[in-house]
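Colleague: To start, I am sharing the structure in question, which I have written as structure tokens.
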Amino acid sequence: MAASSGARTRLFPTLRMAAGAVGALSVGIFTTDNLVSLQMVSGRSMQPALNPDSSMLWRDVLLMDKRVRDGLDEGLLRRGDVVTLRSPTNPELLLIKRIIALPHDCVVPAGCPDSYVRVPKGQCWVEGDESFHSGDSNSFGPVPLALVTGKAVTPVWPPWRIGARISGVPEWKKTRVYENGRSTLADSS
């Protein structure tokens, strides 16, 4: 009886520690899947807002808001937000682009000044800031909001980039977007 009492005394702290580790792991997984996560940016499509060092010696790491995941809350997305999304042509590929237009907006595609595209309900128009290095809505059209996996909040690495402003539609793109199909130009600054 005394031997089993001693074994039990040693077992309880171990079980308590294991339960605590499982609980912390569960909270961590829930947080990174549904609330916030970190995302490293590779490529040049979002220069100069992201990865402004063209030598690519370092890459930006962003704090991402995951509450916009799967288009569950369209109200959290605005023109000018930088988002991650699954590629509509290759679901294995994660893209990072800027939302240029939201549902019901009209967009003049880059290189097509005589045409426009009305963004359907439940979709958005995304573009990279560096047009020459970006596969975006100009090549594959509007994308479902359900493909959005996160919204960039701020760079957190490298340290000198913390808090850098990355949202807002670049001035030269504003002239191509008409909010809600009206003839007034978009202004999301």
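The values are calculated or read from the model by the stated rules, or taken from the named source; none is laboratory data. Note that the coordinates shown come from a computational prediction; the quantities given were computed from them, not determined experimentally. Every residue, glycine as well, gets a Cβ built from its backbone with ideal geometry; the counts of neighbours run over all protein chains shown. Ligands, DNA and RNA are excluded from the accessible area calculation, which covers all protein heavy atoms including side chains. Shrake-Rupley method; radii C 1.70, N 1.55, O 1.52, S 1.80 Å.
Colleague: Specify which residue in the list L147, W160, P88 is farthest towards the positive end of the charge dipole of segment 67-187, using unit charges on the beta carbon of Lys, Arg (+1) and Asp, Glu (-1), about the Cα centre.
Modeller: Checking the options against the dipole of segment 67-187, the answer is W160.
Colleague: Using a basic spin-label model with each label point 7 Å from the Cα along Cα→Cβ, how many nm lie between L93 and V156?
Modeller: Inter-label distance under the simple model: 2.8 nm.
Colleague: Per 0.36 nm of contour for each residue apart, how much would the distance between M40 and T175 grow if the chain were fully extended, relative to their Cα-Cα spacing?
Modeller: 45.6 nm
Colleague: With a 1.4 Å probe and every protein chain kept in, tell me what percent of the accessible surface of segment 37-180 is carbon plus sulfur. Write down the numbers at each step before the final one.
Modeller: Details: 3800 of 7000 Å².
Taking all protein chains in place, segment 37-180 shows 54 percent carbon and sulfur surface.
Colleague: Explain nothing, just the number: relative contact order of segment 59-116, from Cα pairs under 8 Å at least 6 residues apart, as a whole percent. Write down the numbers at each step before the final one.
Modeller: Details: 47 pairs, mean separation 12.5, N = 58.
Here the relative contact order equals 22 percent.
Colleague: Lys and Arg at +1, Asp and Glu at -1: add these up for the other residues within a Cβ distance under 10 Å of L95 and post the number.
Modeller: +1
Colleague: Answer rounded, prolate or oblate for segment 69-161, using the Cα gyration tensor with square roots of eigenvalues a ≥ b ≥ c: rounded when a/c is under 1.5, else prolate when a/b is larger than b/c, else oblate.
Modeller: prolate
Colleague: How much accessible surface does I29 have with a 1.4 Å probe, in Å² rounded to 10?
Modeller: Accessible area, nearest 10 Å²: 90 Å².
Colleague: Which residues in segment 147-170 have a backbone N closer than 20 Å to a point placed 7 Å from the Cα of V27 along the Cα-to-Cβ line?
Modeller: none
Colleague: Pick out, in residue order, every one of the GluC sites (Glu not before Pro) in segment 85-182 that is DSSP loop and has at most 12 other C-beta atoms within 10 Å; say none if there are none.
Modeller: E92
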